[in-house]
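One structure is given below, encoded as structure tokens.
Each reported figure results from applying straightforward, stated rules to the coordinates on display, with no laboratory input. Quick caveat, the model's predicted, so the values are computed rather than measured. Note that each Cβ is placed from the backbone with ideal geometry, even for glycine, and that neighbours are counted across all protein chains shown.
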Amino acid sequence: MQNLHLITSLLQTNKDFMNILAIETSCDEASASVVQNGRKILSNVISSQIHIHAKYGGVVPELASRHHLENINFVVAEALAKARLRINDIDTLAVTQGPGLVGSLLAGIMAAKTLSLIYRLPLLPINHIEGHIYANFLEHRIKPPFLALVISGGHTELVIQRDHTHYKILGRTRDDAVGEAYDKVAKLLDLGYPGGPVIDKLAKKGDPQYIKFPRPYLTGSYDFSFSGLKTSVVNYVSKHPASSVQHLADVVASFQQAVIEVLVNKTIQTALKLKMKKIVLAGGVAANSALRGLFTDKIRKTGITLYYPSPVLCTDNAAMIGCAAYYRLKNKKLEYNQKMLTFKAAPNLQL
Ligand SMILES: Nc1ncnc2c1ncn2[C@@H]1O[C@H](COP(=O)(O)OP(=O)(O)OP(=O)(O)O)[C@@H](O)[C@H]1O
Ligand SMILES: [Mg+2]
């Protein structure tokens, strides 16, 4: 009787746990993570390929997918080992469906579909940008509605999230994504790849007012544009080659100041106009220290609360995919079904 009671209570406890094994390979990081109940990261293994692509100044898609194929099994095994779980302890699988590089996406999707088929585990395809937004839910207790600023290597978007599945894109970049602008400016100045973290660090030593680069506000629209600003940096460097070397930190600090002023002012003005009480930052550029600082300063006295993830959760990782999957599923138990395996990689998937 006592044993029976013990077994029943164990079953009840187990029922409270939802372990999601998530896989993310949309670009040049292969990542696998086990997330428990949507918020507790049991493991988050990220295998970066930066050393492979750095010499080319950007991601080479063919190399990225080839390395994902070689790596993904080890990354998944390590994620399970670090979580101290076996595949039998996993309730649901999640994988990034898109947007991203098609070859890279396919590597993660094929790994997830194979696990799903062999172990009869339900599999949920997840939007990578939704994942970036949900990185915030891993560390903060947030409830929609909120205004999200998605700033990454391929996206710059102002999004209203009304509830856990409804998004409205208010505006997006008309040309370069903000992370792309950082990477291109860093390449121009021979600072290495990826450019964002290098510029972030170097700009701390520079004068952000040294050059008054243009602030592309596109007044009257929620859209962004960063290619003109990037061209202004190109023009400055070609006209002042000596000063660009001597005052390198000032040049990057001035470029960064123009970028962050536009992002911060435009986002806060939009939130005030639409009476949104919460702003959520998402994507790799959300790791930028100057951006976080300016947002924190300017948001004071507005009554708006600002959220952003820890730097490691801003860039690509599978924990954010597991978290997004949990909130998609919440209160619904997904059952395995072979039809789940028919979805395809979607390189241009929209929110
Ligand atoms: N501290 C930082 N400051 C500014 N930019 C940064 C910082 N850290 C990373 N980035 C930039 O973030 C980008 C990478 O972010 P992320 O991994 O979210 O992009 P991605 O996955 O390539 O694109 P997307 O998410 O749009 O598909 C790069 O452009 C990188 O330079
Ligand atoms: Mg990304």
Identify all aspartates and glutamates with a Cα-Cα distance to LYS330 below 19 Å; exclude those on the same chain that are fewer than 8 residues away in sequence. ASP16, ASP89, ASP91, GLU130, GLU139, ASP163
Residue separation times 0.36 nm, minus the C-alpha to C-alpha distance between LYS40 and LYS333: what's the value? 103.6 nm
Packing-based ranking, highest mean first, of 173-181, 274-282 given that Cβ atoms within 10 Å are counted: 173-181, 274-282
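Once a ≥ b ≥ c are taken as the square roots of the eigenvalues of the Cα gyration tensor of the range 93-179, is the result rounded (a/c under 1.5), prolate (a/b larger than b/c) or oblate (a/b not larger than b/c)? Don't skip to the end; give the middle numbers.
Details: a/c = 2.72, a/b = 1.48, b/c = 1.85.
Because a/c hits 1.5 or more and a/b fails to exceed b/c, the range 93-179 counts as oblate.
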Please list 263-270, 25-32, 60-67, 339-346 highest first by mean number of surrounding beta-carbon atoms within 10 Å per residue. 25-32, 263-270, 60-67, 339-346
Each label point is 7 Å from the Cα along the Cα-to-Cβ direction; what then is the distance between the points at ASN88 and ASN348, in nm? 4.6 nm
With 0.36 nm assigned to each residue of separation and the Cα-Cα distance removed, ARG174 to ASP207 gains 9.0 nm
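Rounded to the nearest 0.05, what FRET efficiency do VAL60 and ARG162 give with R0 = 30 Å and r taken as the Cβ-Cβ distance? Could you check? Write down the numbers at each step before the final one.
Details: r = 39 Å, r/R0 = 1.29.
Working from the Cβ atoms, E equals 0.20.
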For the range 143-309, what does the alpha-carbon gyration tensor say about shape, rounded, prolate or oblate, given a ≥ b ≥ c as the root eigenvalues, a/c under 1.5 as rounded, and a/b over b/c as prolate? prolate
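Going by average Cβ neighbours within 10 Å, how do the peptides 302-311, 89-98, 206-215 rank, with the highest at the top? Walk me through the intermediate numbers first.
Working: 302-311: 16.8, 89-98: 23.6, 206-215: 15.3.
Those peptides, ordered most packed to least, come out 89-98, 302-311, 206-215.
So how much slack lies between GLN246 and LYS275, counting 0.36 nm per residue of separation and subtracting their Cα-Cα distance, in nm? Walk me through the intermediate numbers first.
Details: separation 29, 0.36 × 29 = 10.44 nm, distance 4.53 nm.
Full extension of this stretch gives 5.9 nm more.
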Please work out the C-alpha center-to-center distance from the range 301-351 to the range 147-206 and express it in whole Å. 19 Å
Nearby lysines by direct alpha-carbon distance to LYS275 (threshold 25 angstrom, same-chain neighbours under 8 apart not counted): LYS143, LYS168, LYS266, LYS298, LYS301
Separation in nanometres of the label points that stand 7 Å from Cα toward Cβ, at ALA77 and ASN235: 5.6 nm
So, in nm, how far is label ARG141 from label ASP190 when the simple model puts each one 7 Å beyond its Cα toward the Cβ? 5.3 nm
For LYS204, which lysines qualify as cross-link partners when the Cα separation must be under 18 Å and same-chain residues fewer than eight apart are set aside? LYS212
